[in-house]
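Heads up, the thing below is written out as structure tokens.
Each reported figure results from applying straightforward, stated rules to the coordinates on display, with no laboratory input. Nothing here was measured: the structure is a model prediction, and the numbers come from that model. Cβ placement follows ideal geometry from the backbone for every residue including glycine, while neighbour counts extend to all protein chains displayed.
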Amino acid sequence: MAQTVFAPWEDSQEKPLIEFVNVTKRFGDFTAIDNLSQKIYAREFFALLGPSGCGKTTMMRMLAGFETPSEGKILLAGQDIGAVPPNKRAVNMMFQSYALFPHLSVWDNIAFGLKREGMAKDKIAARVDEMLRLTRLEKFARRKPHQISGGQRQRVALARSLAKAPKLLLLDEPLGALDKKLRQETQFELMDIQESTGTTFVIVTHDQEEAMTVASRVAVMDHGRIVQVATPDVIYEAPNSVYVADFIGDVNLISGKASTRKAAPASQSKPAPQPAKPAEPTSPSPSDERRPQPNAMGEWLHDRVLEPVLGKRDPNTPAPIVEQVTAAEPQPVSAPPEIPAGGLAITWSPDHPPLIASNASETFGGADVVLALRPEKLNISTTKPDAPNVLRGKVIDIAYLGNISTYHVQLDNGTMVKAQIANTRRVSRRQITWEDEVWLSFTTTAGVVLEQGT
Amino acid sequence: MRRALLISIPYLWLLVLFLIPFVIVFKISLSDAAIARPPYLPTLELSEGWASIKEFFAELDFENYTFLGEDPLYRLAYLSSLKIAVVSTVLTLLVGYPIAYGMARAAPEWRPTLLMLIILPFWTSFLIRVYAWKGILSTEGLLNQLLMGIGLVDAPLTILNTNTAVYIGIAYTYLPFMVLPIYSALEKMDDSLLEAAEDLGCSRLQAFWMVTMPLSRAGIFAGSFLVFIPALGEFVIPSLLGGSDTLMIGKVLYEEFFSNRDWPVASAVAVILLLILIVPIVLFQLNQQKQQEAGK
């Protein structure tokens with residue numbers, strides 16, 4: 001992973017290790033997997049993510065051989081494995097319950113599969129010892145499963161499923177039973193082991209954080225279909241549907257009607273498309289010369305505290321520049337400055353100006369859309385900032401999580417919006433507390449425009 | 001204090017209803033038969049002082065035990081009882097295991113019903129149920145009529161009044177004692193263990209031998225002891241279903257007490273039977289203890 005980007009799915013020449021071809025699986029009337037096709041490549045760490053009942057476990061059980069597809073076929077290295085029973089497949093599975101044999105010691109559990117292969121005794125011993133070393137279980141080889149901790153059991157299950165050096169390892173909610181800290185540690189261990197053994201891993205999980213951490217690609221599933229398959233960053237930053245945006249991470253969803261904005265650069269002279277927004281005379285305009293500007297707090301401090309002591313401000317400070325700019329181009333003062341032309345304006349509430357998204361396709365023009373905004377992409381301030389998208393609201397709730405704080409802000413029209421700020425300072429310069437009037441702002445590329453009802 | 005009181009209840013129970021009667025039986029086994037009431041000598045006369053007690057102990061001896069060793073009847077009866085108990089236990093296991101397995105694999109909503117059906121025969125009298133087998137196993141019985149009806153045999157089979165009838169009777173009577181512990185062991189088993197075994201290269205049959213069997217071993221042990229221990233001293237089933245040549249120690253014991261009225265010899269037979277049973281009882285206890293530890 002260090003030098004070249006691992007992305008076999010982008011190479012059309014690459015042969016997939018596993019291929020689902022139009023696979024459908026029904027249980028009576030219930031369709032668990034609905035005409036699904038998907039390729040998984042060798043050495044991938046592929047995550048199947050979705051709520052319970054979405055078909056992810058069925059997909060995994062079909063790979064293991066515990067279920068056979070009702071229609072379609074599954075290819076493993078080009079071979080149809082539909083009729084191959086689980087004990088004849090080069091696929092091993094780590095069970096959610098670990099399924100360790102309680103009557104056998106840790107050592108015998110790991111050796112179980114090797115003994116069935118009829119491997120020579122000394123070779124078995126060598127392989128088991130290797131697995132014990134890999135999972136750091138040497139000290140517990142003689143213990144029975146009920147004599148070790150949950151985390152150790154999880155590692156025994158992993159060692160047992162890896163012992164036969166399968167082409168494909170299936171992990172069914174492998175870390176579900178561990179507490180959070182242990183789970184996070186184990187996720188990195190899993191990634192290390194996956195990399196060092198070069199085995200293809202397919203993991204089933206409902207924990208999106210876990211999927212994002214370990215996987216090279218994540219498949220988000222819903223009702224027996226894969227909604228989106230992509231790398232974790234794409235899934236997070238560019239979800240293809242409201243479902244994916246909502247399932248992965250925290251998101252604010254704002255529904256509205258999109259209209260295309262003029263793409264011509266001349267539009268700068270025209271009044272901005274937000275008449276509701278009051279002009280702010282003190283706001284500085286963009287200038288090539290980026291000088292530090294006092295903000296509202298600074299102004300206030302200056303006027304109240306410094307001025308009586310130091311006297312009037314030095315005329316050489318940025319003030320003349322502001323004057324200069326406003327004098328040169330007085331018209332666009334009312335317009336928010338840094339809005340690139342083009343994109344969409346989303347009308348969503350009579351109490352708020354339309355939201356501008358410059359990163360959306362113009363084909364959405366006239367359509368009902370949803371703007372998906374991640375809380376961490378919103379900025380929160382007590383004074384009105386200069387930003388293309390500004391929303392006014394009141395802080396209702398603050399969730400302090402230590403490293404970050406999530407502010408629940410009720411907008412003027414009643415909509416609740418979450419904004420997340422990293423707590424980089426011990427004492428925030430802008431103390432925001434409950435019931436405070438605040439402004440939320442974000443850039444024109446912060447959100448993702450999605451079709452409604454997806 | 002309260003705890004000691006609580007613990008003392010079962011011990012008191014054992015003392016009064018087991019240990020004291022056993023000491024009495026043991027004492028009788030050391031006495032001599034007599035035409036008297038009670039039919040043995042000596043009897044303890046505490047009113048006549050220390051000398052009489054001394055005399056009483058001097059008269060006790062192991063004569064009856066030597067007699068049991070000399071007469072081949074008793075040795076044969078013990079061996080025959082052991083054989084019948086072992087064969088019946090194995091038979092019960094062979095019938096009971098598939099039943100327990102089927103119950104444990106049945107859909108969860110069916111399990112209480114199946115469990116009920118296993119226990120249901122206990123609601124009728126044990127004697128009536130054993131007696132009913134006479135009607136099934138006799139030469140004109142239901143079984144023979146069925147076998148001849150479908151043309152499997154030409155002449156009726158002689159089953160009643162043989163050891164076979166005793167095996168069938170014991171297996172039938174003690175079946176629930178075998179099924180229930182095995183069922184409870186199998187029911188606890190996680191199905192994913194079998195899937196894991198298959199995933200690691202076992203066929204279905206291998207998975208059964210390597211995983212299901214060892215995990216139900218505790219249940220098999222418990223069930224086998226629960227059948228073997230009462231079967232060894234069984235008296236009613238051999239006397240109702242067995243023939244004149246069916247030799248079982250329970251029957252011998254009965255004859256000694258009631259027909260022969262030789263209480264001392266009968267007591268000696270009972271004491272030896274108990275000593276034989278101590279071995280499987282201790283094994284059973286160890287098994288239960290091990291199971292409890294594994295469950296922790």
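Just give me the residues in the stretch A:8-52 being under 22 Å from the mean Cα position of the chain (by Cα) and without any contact (Cβ under 8 Å) to a residue 40 or more places away in the chain, in sequence order.
Matches in the stretch A:8-52: A:PRO8, A:GLU10, A:LYS39.
Could we say that A:SER12 is among the hydroxyl-bearing types (Ser, Thr, Tyr), within 24 Å of A:ASP246 (Cβ to Cβ) and in a loop (DSSP other than H, G, I, E, B) here?
No.
I'm checking my understanding of the structure. Among residues of the stretch A:90-99 that are more than 8 Å from every other protein chain (Cβ to nearest Cβ) and in a loop (DSSP other than H, G, I, E, B), which one is farthest from the chain's Cα centre (by Cα)?
Here the answer is A:ALA90.
Please go through the stretch A:119-165 and give me each residue that is in contact with a Lys or Arg (Cβ under 8 Å, 6 or more places away or on another chain) and not in a helix (DSSP H, G or I), ordered by number.
Residues satisfying the conditions are A:MET119, A:THR135, A:ARG136, A:LEU137, A:ALA163.
Please count how many residues of the stretch A:62-71 are under 13 Å from A:ARG26 (Cα atoms) and out of contact with any strand residue (DSSP E or B) (no Cβ under 7 Å at 6 or more places or on another chain).
1
Just to be sure, is A:PHE66 within 14 Å of chain B (Cβ to nearest Cβ), crowded, with 18+ Cβ neighbours inside 10 Å and assigned to a loop (DSSP other than H, G, I, E, B)?
In short, no.
Report every pair of residues separated by at least 6 positions or lying on different chains whose Cβ atoms are under 6 Å apart, first residue within the stretch B:131-143 and of a type in the set (Gly, Ala, Ser), second outside any loop (DSSP other than H, G, I, E, B).
So the pair list comes out as B:GLY141/B:GLY135.
Look through the stretch A:208-230, keep the residues that are outside any helix (DSSP H, G or I) and free of Cβ contacts under 8 Å to residues at least 60 places away in the same chain, and return whichever of them is farthest from the chain's Cα centre (by Cα).
Of everything passing the filter in the stretch A:208-230, A:VAL227 is farthest from the chain's Cα centre (by Cα).
Which residue out of B:SER81, B:SER31, B:SER52 is surrounded by 12 or more Cβ atoms within 10 Å (Cβ to Cβ) and in contact with a Ser or Thr (Cβ under 9 Å, 6 or more places away or on another chain)?
B:SER31
Give the number of residues within the stretch B:211-240 that are part of a helix (DSSP H, G or I) and more than 14 Å from chain A (Cβ to nearest Cβ).
So the count comes out to 16.
I need the full set of residues from the stretch B:124-162 which are charged (D, E, K, R) and within 31 Å of the chain's Cα centre (by Cα), in order please.
Of everything in the stretch B:124-162, those that are charged (D, E, K, R) and within 31 Å of the chain's Cα centre (by Cα) turn out to be B:ARG129, B:LYS134, B:GLU140.
Looking at A:ILE81, A:ILE33, A:ILE74, A:ILE40, which is the one that is of a type in the set (Val, Ile, Thr), within 14 Å of chain B (Cβ to nearest Cβ) and either in contact with a strand residue (DSSP E or B) (Cβ under 6 Å, 6 or more places away or on another chain) or closer than 30 Å to A:LYS144 by Cβ (or both)?
From the options A:ILE81, A:ILE33, A:ILE74, A:ILE40, the qualifying one is A:ILE81.
Out of all the residues in the stretch A:105-118, is one or more more than 23 Å from A:MET59 (Cα to Cα), part of a helix (DSSP H, G or I), within 35 Å of the chain's Cα centre (by Cα) and free of Cβ contacts under 8 Å to residues at least 40 places away in the same chain?
Among the residues of the stretch A:105-118, not one is more than 23 Å from A:MET59 (Cα to Cα), part of a helix (DSSP H, G or I), within 35 Å of the chain's Cα centre (by Cα) and free of Cβ contacts under 8 Å to residues at least 40 places away in the same chain, which makes the answer no.
Would it be correct to say that A:ASN87 is in a helix (DSSP H, G or I), within 10 Å of chain B (Cβ to nearest Cβ) and surrounded by fewer than 20 Cβ atoms within 10 Å (Cβ to Cβ)?
Taking the combined requirement at face value, the residue satisfies it.
For the stretch B:51-65, does any single residue satisfy the condition of being under 26 Å from the mean Cα position of the chain (by Cα) and part of a helix (DSSP H, G or I)?
There is at least one residue in the stretch B:51-65 that is under 26 Å from the mean Cα position of the chain (by Cα) and part of a helix (DSSP H, G or I).
Sort out for me the strands (runs of 3 or more DSSP E) sitting completely within the stretch A:376-454 that have 3 or more residues that are loosely packed, with under 15 Cβ neighbours inside 10 Å and out of contact with any Asp or Glu (no Cβ under 6 Å at 6 or more places or on another chain).
Because the criterion is at least 3 residues that are loosely packed, with under 15 Cβ neighbours inside 10 Å and out of contact with any Asp or Glu (no Cβ under 6 Å at 6 or more places or on another chain), the strands (runs of 3 or more DSSP E) in the stretch A:376-454 that meet it are A:389-400.
With the condition kept exactly as written, say whether any residue in the stretch B:30-49 is acidic (Asp, Glu) and in a helix (DSSP H, G or I).
Yes, the conditions are met somewhere in the stretch B:30-49.
Please count how many residues of the stretch A:119-146 are within 14 Å of another protein chain (Cβ to nearest Cβ) and free of Cβ contacts under 8 Å to residues at least 40 places away in the same chain.
Here the count works out to 6.
Return the residues of the stretch A:95-124 that are among the aliphatic types (A, V, I, L, M) and either crowded, with 16+ Cβ neighbours inside 10 Å or under 16 Å from A:SER149 (Cα atoms) (or both); say none if nothing qualifies.
Those that are among the aliphatic types (A, V, I, L, M) and either crowded, with 16+ Cβ neighbours inside 10 Å or under 16 Å from A:SER149 (Cα atoms) (or both): A:ALA99, A:LEU100, A:LEU104, A:VAL106, A:ILE110, A:ALA111, A:LEU114, A:MET119, A:ILE124.
Cβ-Cβ distance below 6 Å, separation of 6 or more or different chains: which pairs start in the stretch B:184-201 with a residue that is more than 7 Å from every other protein chain (Cβ to nearest Cβ) and end on one that is polar (S, T, N, Q) and surrounded by 21 or more Cβ atoms within 10 Å (Cβ to Cβ)?
These pairs meet every condition: B:ALA185/B:SER216; B:LEU186/B:SER216.
Mind checking which pairs have a first residue in the stretch A:374-390 that is free of Cβ contacts under 8 Å to residues at least 12 places away in the same chain and a second that is buried (at least 21 other Cβ atoms within 10 Å of the Cβ), Cβ under 8 Å, 6 or more apart or different chains?
From residues that are free of Cβ contacts under 8 Å to residues at least 12 places away in the same chain, there are no pairs.
Might you let me know whether the stretch A:13-34 holds any residue that is surrounded by fewer than 23 Cβ atoms within 10 Å (Cβ to Cβ) and closer than 17 Å to A:ALA211 by Cβ?
no
How many of the residues in the stretch B:33-53 are within 19 Å of B:PHE258 (Cα to Cα) and in contact with a helix residue (DSSP H, G or I) (Cβ under 6 Å, 6 or more places away or on another chain)?
Of the residues in that region, 3 qualify.
What is the one condition in (1) on the phi > 0 side of the Ramachandran plot; (2) over 30 Å from the mean Cα position of the chain (by Cα); (3) of a type outside the set (Lys, Arg); (4) buried (at least 19 other Cβ atoms within 10 Å of the Cβ) that A:GLY78 does not satisfy?
Of the numbered conditions (1) on the phi > 0 side of the Ramachandran plot; (2) over 30 Å from the mean Cα position of the chain (by Cα); (3) of a type outside the set (Lys, Arg); (4) buried (at least 19 other Cβ atoms within 10 Å of the Cβ), the odd one out for A:GLY78 is (4).
So which of B:ALA100, B:ALA104 is in contact with an Asp or Glu (Cβ under 6 Å, 6 or more places away or on another chain) and either among the aromatic types (Phe, Trp, Tyr) or crowded, with 16+ Cβ neighbours inside 10 Å (or both)?
Testing whether each residue is in contact with an Asp or Glu (Cβ under 6 Å, 6 or more places away or on another chain) and either among the aromatic types (Phe, Trp, Tyr) or crowded, with 16+ Cβ neighbours inside 10 Å (or both) leaves just B:ALA104.
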